[in-house]
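Step one of this worksheet: look at the structure below.
The values are calculated or read from the model by the stated rules, or taken from the named source; none is laboratory data. Quick caveat: nothing in here was measured; it's all calculated off a predicted structure. Note: ideal-geometry Cβ built from the backbone for every residue, glycine included; neighbour counts use all protein chains shown.
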Amino acid sequence: HTFIYLFSLFPACSPELRSSEGGHHLFCTAASQNITYKELKKLLHSKSKSNFLIDVREPWEILQCGQIPGSLNIPLGEIDQALQMNSEDFKEKYNQDMPSKSDNLVFCCLGGVRSKKALSTALLLGYESARHYPGGWKEWESYEYPEKKK
């Protein structure tokens with residue numbers, strides 16, 4: 001009955017039906033778990049070592065579209081494993097120190113769908129300060145590079 005216990009930790013979450021692997025995923029929609037463009041800009045300018053922006057898109061997408069400066073690429077399919085690695089393995093694979101459970105993690109993707117899934121995973125793994133940027137690269141690009149709009 002671990003699932004019931006975990007669900008009680010996240011009252012703003014609703015359980016999704018069983019996944020194909022037989023596990024459960026929680027999708028959280030609490031507004032406090034969303035970060036705005038302005039909040040993200042402020043977080044990135046703080047240069048704190050306890051702030052991590054993790055882009056969960058595939059590497060080819062980042063090469064094709066671009067990425068938010070300072071973000072670390074960990075594809076969504078690797079998030080669960082990456083956040084449970086030991087710190088030496090994490091540093092070797094991602095060339096960056098591993099976030100601690102008390103660090104500020106912000107997940108982003110193209111438009112907010114995958115980052116929301118990554119957020120759910122991080123919260124279940126005990127990263128209590130995890131949030132996601134629902135605007136994703138699309139919104140970031142519209143603010144940072146408005147001349148690219150057609």
Quick one: ASP103 ticks every box in (1) acidic (Asp, Glu); (2) under 21 Å from LEU43 (Cβ atoms); (3) under 12 Å from the mean Cα position of the chain (by Cα) bar one, so which box is it?
(3)
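Condition check ((1) assigned to a helix (DSSP H, G or I); (2) buried (at least 16 other Cβ atoms within 10 Å of the Cβ); (3) out of contact with any strand residue (DSSP E or B) (no Cβ under 8 Å at 6 or more places or on another chain); (4) free of Cβ contacts under 8 Å to residues at least 60 places away in the same chain) across all residues:
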position	(1), (2), (3), (4)
PHE52	no, yes, no, yes
ARG57	no, yes, no, no
TRP60	yes, no, yes, yes
ILE68	no, yes, no, no
ASP80	yes, no, yes, yes
ASP97	no, no, yes, yes
SER100	no, no, yes, yes
Only one of (1) in contact with a strand residue (DSSP E or B) (Cβ under 7 Å, 6 or more places away or on another chain); (2) assigned to a helix (DSSP H, G or I); (3) without any contact (Cβ under 8 Å) to a residue 60 or more places away in the chain; (4) under 12 Å from ASP55 (Cα atoms) is not met by PHE107, so which one is it?
(2)
Hits in region 12-43 (condition: modelled with pLDDT under 90, touching a strand residue (DSSP E or B) at 6+ places or on another chain (Cβ under 7 Å) and among the hydrophobic types (A, V, I, L, M, F, W, C))
ALA12, CYS13, LEU26, PHE27, CYS28
Subset tally (residues that are outside any helix (DSSP H, G or I), surrounded by fewer than 21 Cβ atoms within 10 Å (Cβ to Cβ) and of a type in the set (A, V, I, L, M, F, W, C)) for region 111-142:
1
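Which of the residues that make up region 119-138 are charged (D, E, K, R) and in contact (Cβ under 8 Å) with a residue 60 or more places away in the chain? Show your work before the answer.
As a first pass, look at region 119-138 and keep what is charged (D, E, K, R): 128, 131, 138.
Scanning region 119-138 gives a single hit, ARG131.
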Which one of these is modelled with pLDDT of 95 or more and small (Gly, Ala, Ser): GLY111, GLY126?
GLY126
